[in-house]
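> Structure incoming, see below.
The values are calculated or read from the model by the stated rules, or taken from the named source; none is laboratory data. Predicted, not measured: the structure shown is a model, and the values here were computed from it. For neighbour counting, all protein chains shown are included, and Cβ atoms are generated from backbone atoms with ideal geometry for every residue, glycine included.
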Amino acid sequence: MQHAPPPAHRSAPDRVGLVVVGAILLSLTILGGNIWLNMQAAGVTPGYGFLTQTAGFDLSESLIPYDAGDSYGRVILAGLLNTLFLAICGLVLATVLGVLIGLVSVTPSPAGRIIALLYVELFRNLPKILVLLVLYVVAVRGLPPVREALSVGPLHLTNRSIYIPVIETDVRQLWLLVPLAVAVAFGVLWHHRAHRIKRDTGKDGAVLPVILAAVIGFPLIFGLLIDTPLEPSIPEFQRFDFEGGARLSVQFLVVLVTLGLYHGAQIAEVVRGGILSVPQGQVEAARALGLERRHVTRLVILPQVLRIVIPPMINQYVNLIKNTSIAIAVGYSDLMSISGTIINQTFRPLEMMLITMGLYLGLCLVASSLMNRLNNRLRARGTKGVA
């Protein structure tokens, strides 16, 4: 008769981990109790009822309609959207710069490698806030005032903003989402079809031009059929400022460029390391088979580089999202700036800090989750290819 094995004793690392977790929880409990007692002694009752009160201050810019008579909850939403918009634009700019500089850093050209090295070493070793302030001073003092705007067609550049034409919004334009969705579905099906033809016959078909034509053409044709207005709003100078169109503030632009340059340098090093990790023998074998350099890059190098660089890229993306908080130094109405203003007005530092921490944590978790899913898909695809 066999006896069940005795329960395994916890190893020393497990016991140490439990002790550490317990100590952290105990410390947080003590800290929370002290904060509660101090707030009670000061006659302050914790709560989030202030979110429905009138904010009473304006924003330098907002992606949603907002004025000083709106609530604190709405101004926090406006700040969150500003931060999200800045983070998305920064991620795109930093990724494009990083990939380009990373590719240049491994080219046979000595001049290209020197330029890439200078860029990386300069922006990787300077404080972000210093780069931001230098760019802001250069932009404010180097760009012309509104009355002397530097104009290129409908675009106007000043030391306040860049004014650009946009399409005027209309309720009927919501119907354009229907053909846009159809065009996206058509693009997915066309991509799968082209991939299947490539797999069966080895022939490359037109994919990107067809998808772009569908995404642009379907809504345009549908808009003409239902007589949906697509009238542009062009900025024109009035008495003291430009009216019409849309504007990108100098504050937004200098923060965007700072984040793009700084994190672009970090991403360039990640890309360079990923490219150098691909065995040179695979590249030489591909060239020996007659593949052109661009085909070697697209079919041999990039698929392997993506699986290597995505994990460290996740760290860079999360850092960029958190570093959008430097925008407070130049007056851009991001989440951190708005949080500080609300704290000064309501004397609710604990509540606002928790809200701000939770929102930043949510943004970073969403970004890391999406990148991890992409990483898992690429690894699964690579495993199938090996199998």
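> Quick one: Leu291 ticks every box in (1) outside any helix (DSSP H, G or I); (2) closer than 22 Å to Cys364 by Cβ bar one, so which box is it?
(2)
> Being out of contact with any strand residue (DSSP E or B) (no Cβ under 6 Å at 6 or more places or on another chain), of a type in the set (Gly, Ala, Ser), assigned to a helix (DSSP H, G or I) and touching a residue at least 60 places away in the same chain (Cβ under 8 Å) narrows it down to one residue among Ala94, Ala23; which is it?
Ala94
> Considering only the stretch 137-159, state which residues are part of a helix (DSSP H, G or I) and exposed (fewer than 11 other Cβ atoms within 10 Å of the Cβ).
Arg141, Gly142, Arg147, Glu148
> Further question: I'd like the full set of residues that are exposed (fewer than 10 other Cβ atoms within 10 Å of the Cβ) and either modelled with pLDDT of 75 or more or in the same structural domain as Phe347 (by TED's automatic domain parsing) (or both), limited to the stretch 4-44.
Of everything in the stretch 4-44, just one residue is exposed (fewer than 10 other Cβ atoms within 10 Å of the Cβ) and either modelled with pLDDT of 75 or more or in the same structural domain as Phe347 (by TED's automatic domain parsing) (or both), namely Ala41.
> Among the residues of the stretch 184-212, write down those that are outside any helix (DSSP H, G or I) and exposed (fewer than 13 other Cβ atoms within 10 Å of the Cβ).
Once the filter is applied, which keeps residues that are outside any helix (DSSP H, G or I) and exposed (fewer than 13 other Cβ atoms within 10 Å of the Cβ), the stretch 184-212 yields Gly202, Lys203, Asp204, Ala206.
Conditions tested, residue by residue: (1) under 28 Å from Arg293 (Cα atoms); (2) in the same structural domain as Gln316 (by TED's automatic domain parsing); (3) surrounded by 18 or more Cβ atoms within 10 Å (Cβ to Cβ).
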| residue | (1), (2), (3) |
| --- | --- |
| Ile114 | yes, yes, no |
| Pro127 | no, yes, no |
| Leu135 | no, yes, yes |
| Ser161 | no, no, yes |
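> Quick one: what pairs do we get from the stretch 30-44, first residue closer than 13 Å to Leu350 by Cβ, second among the polar types (S, T, N, Q) and exposed (fewer than 11 other Cβ atoms within 10 Å of the Cβ), C-beta under 9 Å, 6+ apart or different chains?
Note: pairs meeting the criteria are Met39/Thr45; Val44/Asn38.
> Pull up the stretch 63-105, narrow it to residues that are of a type in the set (S, T, N, Q) and surrounded by 19 or more Cβ atoms within 10 Å (Cβ to Cβ), then point me to the one that is farthest from Gly264 (Cα to Cα).
Among those that are of a type in the set (S, T, N, Q) and surrounded by 19 or more Cβ atoms within 10 Å (Cβ to Cβ), it is Asn82.
> Test Gly217 against the criterion of being surrounded by fewer than 17 Cβ atoms within 10 Å (Cβ to Cβ) and of a type outside the set (D, E, K, R), and give yes or no.
In short, yes.
Residues checked against (1) within 30 Å of Thr107 (Cβ to Cβ); (2) touching a Pro at 6+ places or on another chain (Cβ under 6 Å); (3) surrounded by 21 or more Cβ atoms within 10 Å (Cβ to Cβ):
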| position | (1), (2), (3) |
| --- | --- |
| Gly264 | yes, no, yes |
| Arg293 | yes, no, no |
| Ala327 | no, no, yes |
| Tyr332 | no, no, yes |
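> Out of (1) surrounded by fewer than 19 Cβ atoms within 10 Å (Cβ to Cβ); (2) part of a helix (DSSP H, G or I), the odd one out for Gln316 is which?
So the condition that Gln316 fails would be (1).
> Hey, another quick one. Among the residues of the stretch 35-54, which ones are hydrophobic (A, V, I, L, M, F, W, C) and touching a Leu at 6+ places or on another chain (Cβ under 8 Å)?
Ile35, Met39
> If you go through the stretch 227-249, how many residues are among the aliphatic types (A, V, I, L, M) and surrounded by fewer than 10 Cβ atoms within 10 Å (Cβ to Cβ)?
Total satisfying the criteria: 0.
> Quick one: Pro108 ticks every box in (1) surrounded by 15 or more Cβ atoms within 10 Å (Cβ to Cβ); (2) free of Cβ contacts under 8 Å to residues at least 60 places away in the same chain; (3) of a type outside the set (A, V, I, L, M) bar one, so which box is it?
The failed condition is (1).
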